[in-house]
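Asker: Sharing a structure, written as structure tokens. Questions coming.
None of the figures in this text is laboratory data; all of them are computed from the coordinates on show. Keep in mind that this is a model prediction, so the values were computed, not measured. Note that each Cβ is placed from the backbone with ideal geometry, even for glycine, and that neighbours are counted across all protein chains shown.
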Amino acid sequence: MESGQIFNLVPWIVFLPLIGLAVNILLGRRLGETFSGVVASLASGLTFVVAVLLAAALASAPNARVVSPWEWISIGELTVRWAFRVDTLSVVMMLVVSLVGTLIHVYSIGYMHNDVRHNGDPGRYTRFFIFMNLFIAAMMILVSADNFLMMFVGWEGVGLCSYLLIGFWYEKGKNGTGNADAAKKAFITNRIGDFGLLIALFLIFGYFGSLQFDEVFSQAANVAAAHPGVMLLITLAMLLGVTGKSAQIPLFVWLPDAMAGPTPVSALIHAATMVTAGVYLVARSTAFYSVVPVAQTVVIWVGTLTALLAATIALGQYDIKKVLAYSTISQLGFMVAAVGMGAMVAGMFHLVTHAFFKGLLFLAAGSVIQGMERGMHGSHGSAETDPQDMRNMGGLRKKMPLTYWVYLIGGLALSGIAPLAGFFSKDEILGAAYNGHAAVFALLVITAFLTAFYMGRQLVMVFFGKPFTAAAEHASESPRVVTIPLIILALLSVLGGVLNLPGVHTLEHWLAHTLGEGEPAGFIWLVAGLSFFLALLGLGAAWFIYSRRVQKAEADDPLKKPLGALFTGMEHKWWVDEFYQALILNPYKAFAQFMADPVDLGVIDRVGGGLAAGTRTLAEGLRKLENGYVRSYALWMVVGLLAIMMYLFLS
Amino acid sequence: MFPVVYPIILAVILFSLGIVGVLLRKNAIVILMSLELMFNAANLVFITFANYYQNLDGQVFIIFVMVTAAAEVAVGLALIVDIFRSKKTISIDEMHSLKG
Amino acid sequence: MTPGLLIFILLGIIAVASAVAMLLSRNTVYSALFLILNFLSVAVIYLVLGAPFIALAQIAVYAGAIMVLVLFVIMLLGTHQLDPREPLKWQRPLAIVLALALIVQGVYALVTRFGFQAATVPASPDFVDPKSLGMVLFQKYSLPFEVTSVILLVAAIGAVVLTQKQKKDGGA
């Protein structure tokens, strides 16, 4: 078929996951676990196939296509269609989401089989895959949208799926509501970000007259010249949405709590795909940010400070998933800083490689956790051991070799060791910072060092040395359905750098069709060498400190004494949650309490009750008039007669 | 002859006495008789004005008033007889079953 | 002091006195008889005011028919006295006050409207002729006349129906 026809396939990237989820809703429970998992993975896999076809068709003629099947809203000036946009940027996102998504679906077949049994509700298996397919569908709507409103639908949809999946084990967690609370926190914090995005949307419609990308972006320069304040407001409001979805300061607090969800959820949603939606939004809105330099500066600093802050917190965490969560926040900070600096390609490149190795790390961590759980079952009597606490692990290199190797690859990629994928993408960002933002460069370099350090710390604590508890002693390797996706992701982490090698710049040219011709980032030997050196230094330092630590699970972290109060701060994530609790949540709760008790119960209810009581008193008084005696009625009649006569005679 | 207000004042007095009778007496038949007194007072007013304005319409009207009074007395007394049959008393105060 | 005025004052006193006596009498039969006296005195006043036909109609219908009917029912139902106690405390004082207020108000209104100059007209034969009364009654007021006959019919039927003895099976 002619290549133009292929683009009409694009609605299928949304429909295929929806079909998968419908099949699972109707038939899943009856046809068993494997069936559910396979159907869901197949739906996701076919989505990937469609994305590949679209990419291939686009390769020969890379200008953007819009497939617009239906009209959605047509009221007055506002016309919004269900329109799918196929251009180089959205195709990149489609490929990443569907590829990593499919691998995680396959992984989940095995992982959830164990997880539902570990948590005691095998019937919930199908529900997981329904939610996962729903997520893929929503994410596809987000990335393929041709107008802001449709993108917002996808934006909200992934937020919803995040809530559903984090709270998958809704009755478990701390005090029986821990998971549900984490899901609520994610949803509400995201909502605050969504509020910002909505304000931006309102302003865009108000000042541009349309929500469609082409129409809006072509006028960006004009509107910025005419209403500079409005443009600034739009970009900053959009930034609020980005900080919510992509977990930046100040709305990052939901992501560590989101680790309460099953590990595949953490991998897919909170590492590879949903959290990158913010970065995608900024990349898509290049036209806006490039005309408001103030907003660009704000974005850069939000990203940089987040990166640094999160890296310091990751250093002090003991839960294996929390370390990865804060690492994600930190890497997202890198991406946000990159797109803020105008290095959209660098940001997108890092987005893609990060999806590979962070997804890999989360899945491998899941494998580790399940290995520990198997160890707990095997060693009877270690029921109190937290399978996710790194202080209980150790020496897993020998017990789970395959997991060890893929985790090592992922960790090295994240730290930025050449020639793995992370090196190239991180290096591009550092290079962009070097070329004009000295303070940002310094902070990002420090963050890169910390990244390597905490990854090294994690590797040593989990895999090296001797097992610290009985559970670690009896841990065993995960089944093939779990390890095969790990291997594939490891390969991608190794080879991912190929996407945008310095000199060849494949991704750069690919994205240039959408984002505009930029100067391809030159390869700066100084920067590259510095980042490589610091990565090695960080890993080496971690090895040095942690392999000599006391071989007991309850012992203090070796950094506790030298860093003292600093380390306590890192352990307690700098008390950000407590700060929010005191500053915002507690006053709000007090205010709500005040409105509920004195105002609602006291005043408003009393008004209603008072009216009722007053009516009753009045009625009881009037009741006395009806005493059954005709003569008293006659008396009242005469009284009335006299009154009327008097009125008539006097007037 | 004499000022026209005299008969009318007499009528007013008789009317008020009729009202007093309705309000004060408990015997249903006496109440009916007080009503007749009130009708009478109204008739006196009609006659007076028929004389004053030399218009016979007033006197004609009295005929109708009398007819109505007669009908009313007949029906009223029938009611009293009926009530007496069930309640064995004609005291108005005993008819208080519509007490609120 | 014209003879008309003298007669009127005399009759007025008799009328008021008999009305008061009717109200105060404990014996129902005496009340009825006093009322008959009241009607008679008022009938004579009608004569003075030039309405002979009405006067005689008053005697015949009111005193003769209606009061006889009332007396019948009094005899039928027994004349035992009712309990003189008043259950409603404020009824008596209030009733008297209201009546006095009514009288005062009425007198005041009338005197301000008419004054003491406007006088009644002595009776004259052309005016008081029953023939002229009949002319007005049957020509100008023929419809109301027919209606009153219907009223009488209805009253008669109503009275009969109301006093029928209830049948054993509850039908009336």
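Asker: Which shape class, rounded, prolate or oblate, goes with chain C when its Cα gyration tensor gives a ≥ b ≥ c as root eigenvalues, a/c under 1.5 marks rounded, and past that a/b bigger than b/c marks prolate?
Answerer: oblate
Asker: Taking Rh as the Kirkwood radius computed over C-alpha pairs, what is the Stokes-Einstein D of segment A:45-192 at 25 °C in a medium of viscosity 0.890 mPa s, expressed in µm² per second?
Answerer: The Stokes-Einstein estimate is 142 µm²/s.
Asker: If you line up the long axis of helix A:401-415 against the longest principal axis of chain A, both from Cα atoms, how many degrees apart are they, to the nearest 10?
Answerer: 80
Asker: Compute the acute angle (0 to 90°) between the alpha-carbon long axis of helix A:480-495 and the principal axis of greatest extent of the alpha-carbon atoms of chain A; round to the nearest 10°.
Answerer: 70
Asker: May I ask you to derive the relative contact order of segment C:1-98, considering only C-alpha pairs under 8 Å and at least 6 residues apart, and to give it as an integer percent?
Answerer: The normalised contact order for segment C:1-98 reaches 24 percent.
Asker: Then there is this: For segment A:575-651, which trypsin sites (Lys or Arg not before Pro) are both in a DSSP coil and crowded by at most 15 other Cβ atoms within 10 Å?
Answerer: A:Lys624
Asker: Follow-up question, since we're still on this one. Can you work out the Karplus-derived ³J(HN,Hα) for every residue in segment B:76-88? Use 6.51 cos²θ - 1.76 cosθ + 1.60 with θ = phi - 60°, whole Hz, and x for glycine or proline.
Answerer: Residue by residue, segment B:76-88 yields x, 5, 4, 4, 4, 4, 4, 5, 4, 4, 8, 9, 6 Hz.
Asker: Across segment A:243-250, in residue order, what do the Karplus-derived ³J(HN,Hα) couplings come to in whole Hz, using 6.51 cos²θ - 1.76 cosθ + 1.60 with θ = phi - 60° and x for Gly and Pro?
Answerer: Karplus-based 3J(HN,Hα) across segment A:243-250 equals 5, x, 6, 9, 6, 10, 5, x Hz.
Asker: Once the Cβ-Cβ distance between A:Leu648 and A:Glu77 is put in as r, and R0 is 51 Å, what FRET efficiency do you end up with, to the nearest 0.05?
Answerer: 0.20
Asker: Once you order the gyration tensor axes a ≥ b ≥ c over the Cα atoms, which shape class does segment B:1-86 get: rounded for a/c under 1.5, otherwise prolate or oblate by comparing a/b with b/c?
Answerer: Here segment B:1-86 falls in the oblate category.
Asker: Go ahead and run the numbers for FRET between A:Ile584 and A:Ala226, Cβ-Cβ distance against an R0 of 41 Å, rounding to 0.05.
Answerer: My answer for the efficiency is 0.65.
Asker: For the protein assembly as shown, evaluate the Debye formula with one uniform point scatterer on each Cα (no solvent term) and list log10 I(q)/I(0) at q = 0.04, 0.05, 0.10 Å⁻¹, rounded to two decimals.
Answerer: Summing over Cα pairs of the protein assembly as shown leads to -0.46, -0.53, -1.10.
Asker: Using amide H atoms built 1.01 Å from N in the peptide plane, name the residues 5+ places from A:Arg65, or on other chains, whose amide H lies under 5 Å from its own.
Answerer: Those lying under 5 Å, H to H, from A:Arg65 are A:Val86, A:Asp87.
Asker: Would you work out the relative contact order for chain A, in percent, from Cα pairs under 8 angstrom that are 6 or more residues apart?
Answerer: After rounding, I find 12 percent.
Asker: Let me ask something else. Check A:Trp72: other-chain or 5+ apart residues with amide H under 5 Å from its amide H, H built from backbone geometry?
Answerer: For A:Trp72, whose amide H was placed from the backbone, the distant partners under 5 Å are A:Val80, A:Arg81, A:Trp82.
Asker: Can you pull the one-decimal nm distance between simple spin-label points at C:Phe138 and C:Arg26, each 7 Å off the Cα toward Cβ?
Answerer: According to this spin-label approximation, the distance is 5.3 nm.
Asker: Roughly how many nanometres apart are two label points built 7 Å out from the Cα toward the Cβ at C:Ile13 and A:Trp525?
Answerer: 15.0
Asker: If you take the square roots of the eigenvalues of the alpha-carbon gyration tensor of segment A:574-651 and sort them as a ≥ b ≥ c, do you get rounded (a/c under 1.5), prolate (a/b over b/c) or oblate?
Answerer: In terms of gyration-tensor shape, oblate.
Asker: To the nearest 10 degrees, how steep is helix A:438-463 against the longest Cα principal axis of chain A, on a 0 to 90 scale?
Answerer: Approximately 80 degrees, to the nearest ten.
Asker: Could you put A:Phe213, A:Phe453 in order, starting from the residue whose Cβ has the fewest other Cβ atoms within 10 Å?
Answerer: Ordered by Cβ neighbours within 10 Å, fewest first: A:Phe213, A:Phe453.
Asker: Karplus couplings for segment A:55-63 from phi (6.51 cos²θ - 1.76 cosθ + 1.60, θ = phi - 60°), rounded to Hz, Gly and Pro as x?
Answerer: Per residue, the Karplus-derived 3J(HN,Hα) values read 5, 4, 5, 6, 4, 6, 9, x, 6 Hz.
Asker: Taking the convex hull of the alpha carbon atoms in segment A:239-305, what volume per residue do you get, in Å³?
Answerer: Considering the Cα atoms of segment A:239-305, their hull volume per residue is 72 Å³.
Asker: Something else: Check A:Ala145: other-chain or 5+ apart residues with amide H under 5 Å from its amide H, H built from backbone geometry?
Answerer: The list, which skips near neighbours in sequence, is A:Arg85.
Asker: Given R₀ = 25 Å, what would the calculated FRET efficiency be for C:Phe114 paired with B:Asn55, taking r from the Cβ atoms and rounding to 0.05?
Answerer: Efficiency at R0 = 25 Å is approximately 0.95.
Asker: What do you get for GluC sites (Glu not before Pro) in segment A:18-93 restricted to DSSP loop and a cutoff of at most 10 other Cβ within 10 Å of the site's Cβ?
Answerer: Qualifying residues, ordered by number: A:Glu77.
Asker: I've got another one for you. Under 8 Å for C-alpha pairs, at least 6 residues apart: give me the relative contact order for chain B, rounded to a whole percent.
Answerer: In percent, rounded to a whole number, it is 28.
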